[in-house]
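The values are calculated or read from the model by the stated rules, or taken from the named source; none is laboratory data. Here the structure is a predicted model, which means the values were calculated and not measured. Here the Cβ positions follow ideal geometry from the backbone for every residue, glycine too, while neighbour counts run over all protein chains shown. Just the protein is used for accessible areas: all its heavy atoms, side chains included, with ligands, DNA and RNA removed. Shrake-Rupley method; radii C 1.70, N 1.55, O 1.52, S 1.80 Å.
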Amino acid sequence: MQNLVGKAAFGFELPNINGQLRESDDFAGRWLLLVFHRHLG
Amino acid sequence: MRQQEAEFEQLGVQIVIVTFQSGPMAEAYVRESKLSWPLLIDDSLQLYKSYGMERGRWQDIFGLESIASYAKLMMRGRKPRMPAGDPYQLGGDVLIDPRGIVRLHHVGNGPADRPSVESILKIVRDADQQS
């Protein structure tokens, strides 16, 4: 896959562990670091 | 990364952890790690795939670099655990600026392959100085 630096980030809508949905707009306007985990165990 | 948490905050960087595991495993992770950042669950792997984080190869996951990485963690007192979930799923890091533009896109080739915290902070500092 090509490196996406300089491209627009993908939007998302994902739940937290309580089932509450958080979307990318919640974090808009500030720097955001998405840390994608491998398995949690 | 937690050691530099204050610096991330000072620079206005929000951190969100994304996992593909849900249910008791995710709840236990939040509880045991005393996680202060949001943990979001992408169990369909849609966002992982959007950023090219697919399944890794055997040699990436269980190769010498991975063994060395786990050995380092053990020397720091961390006990390795058997993976619960797909051990082949790759992770990575994506840094997005306030305008919604990707400034760092790193797909980890294995457990040891992560960008340094300092390199992430440098991108933010350099961009803030230019603006």
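Considering region B:113-131, the residues that are within 11 Å of the chain's Cα centre (by Cα) and within 14 Å of A:LEU34 (Cβ to Cβ) include one that is most open to solvent (accessible area, probe 1.4 Å), namely B:ARG114. Of the candidates B:GLY77, B:GLY110, B:GLY85, the single residue that is more than 10 Å from chain A (Cβ to nearest Cβ), modelled with pLDDT under 90 and open to solvent by less than 70 Å² (accessible area, probe 1.4 Å) is B:GLY77.
Return yes when A:GLY11 is in contact with a helix residue (DSSP H, G or I) (Cβ under 9 Å, 6 or more places away or on another chain) and under 20 Å from B:GLY92 (Cβ atoms) and no when it is not.
For A:GLY11, the condition - in contact with a helix residue (DSSP H, G or I) (Cβ under 9 Å, 6 or more places away or on another chain) and under 20 Å from B:GLY92 (Cβ atoms) - is met.
So, B:GLN10, is that one more than 15 Å from the chain's Cα centre (by Cα) and modelled with pLDDT of 95 or more or not? No, not satisfied.
For beta carbons closer than 8 Å, sequence separation of 6+ or different chains, a first residue in region B:38-54 that is at the interface with chain A (Cβ under 7 Å from one of its Cβ atoms) and a second that is in a strand (DSSP E or B) and open to solvent by 70 Å² or more (accessible area, probe 1.4 Å), the qualifying pairs are B:PRO38/A:ARG22; B:LEU40/A:ARG22.
Within chain A, being of a type in the set (A, V, I, L, M), open to solvent by less than 30 Å² (accessible area, probe 1.4 Å), over 12 Å from B:TYR51 (Cβ atoms) and outside any strand (DSSP E or B) holds for one residue alone: A:LEU40. Scanning chain A for residues that are under 20 Å from B:HIS105 (Cα atoms) and either more than 7 Å from chain B (Cβ to nearest Cβ) or among the hydroxyl-bearing types (Ser, Thr, Tyr) (or both) yields A:GLN2, A:GLY11, A:GLU13, A:GLU23, A:SER24, A:ASP25.
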